[in-house]
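Note sheet for the following structure.
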């Protein structure tokens, strides 16, 4: 399972960098989205995949070990990263709209 997720992360990073290197503003926004999703998946993978893990907020008794509990820190980091990437994408979409209103162009080479 970790190998499949590592390949998915590598593909998402590759596609994100490829879109960032294009000169279209829409593709740059898609590149930022792909990079954000790849980073979220990488943080999720770095926490360790534990099958059948219990949520960490359950009160299951003192005799239960902490081996079967999910780590809440990577989940909190991913939620924070999702909110930040949403704000960045909203800003980039507003910038794209205003640039298109003023210049009528989407290509960055044509803006020079």
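The values are calculated or read from the model by the stated rules, or taken from the named source; none is laboratory data. On a predicted model such as this, the values are computed, not experimentally measured, just so you know. With ideal geometry, Cβ positions are generated from the backbone for all residues, glycine too; neighbour counts draw on all protein chains shown.
Data table
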read-out	value
Boolean, residue 89 is surrounded by 14 or more Cβ atoms within 10 Å (Cβ to Cβ) and part of a helix (DSSP H, G or I)	yes
Single unsatisfied condition, residue 67 versus (1) assigned to a helix (DSSP H, G or I); (2) at pLDDT below 80; (3) over 30 Å from residue 4 (Cα atoms)	(3)
Residue satisfying all of: in the stretch 1-42; assigned to a helix (DSSP H, G or I) and either at positive phi or surrounded by fewer than 13 Cβ atoms within 10 Å (Cβ to Cβ) (or both); modelled with the lowest pLDDT among these	2
The stretch 98-112 residues that are in a loop (DSSP other than H, G, I, E, B), paired with ones that are surrounded by 13 or more Cβ atoms within 10 Å (Cβ to Cβ) (beta carbon under 6 Å, 6 or more apart)	106/24; 106/25
Residue within the stretch 78-94 that is modelled with pLDDT under 90 and either under 30 Å from residue 26 (Cβ atoms) or in contact with a strand residue (DSSP E or B) (Cβ under 6 Å, 6 or more places away or on another chain) (or both) present	no
Pair list, Cβ < 7 Å and 6+ apart or interchain, from the stretch 72-87 residues that are touching a residue at least 40 places away in the same chain (Cβ under 8 Å) and at positive phi to residues that are in a helix (DSSP H, G or I) and surrounded by 11 or more Cβ atoms within 10 Å (Cβ to Cβ)	none
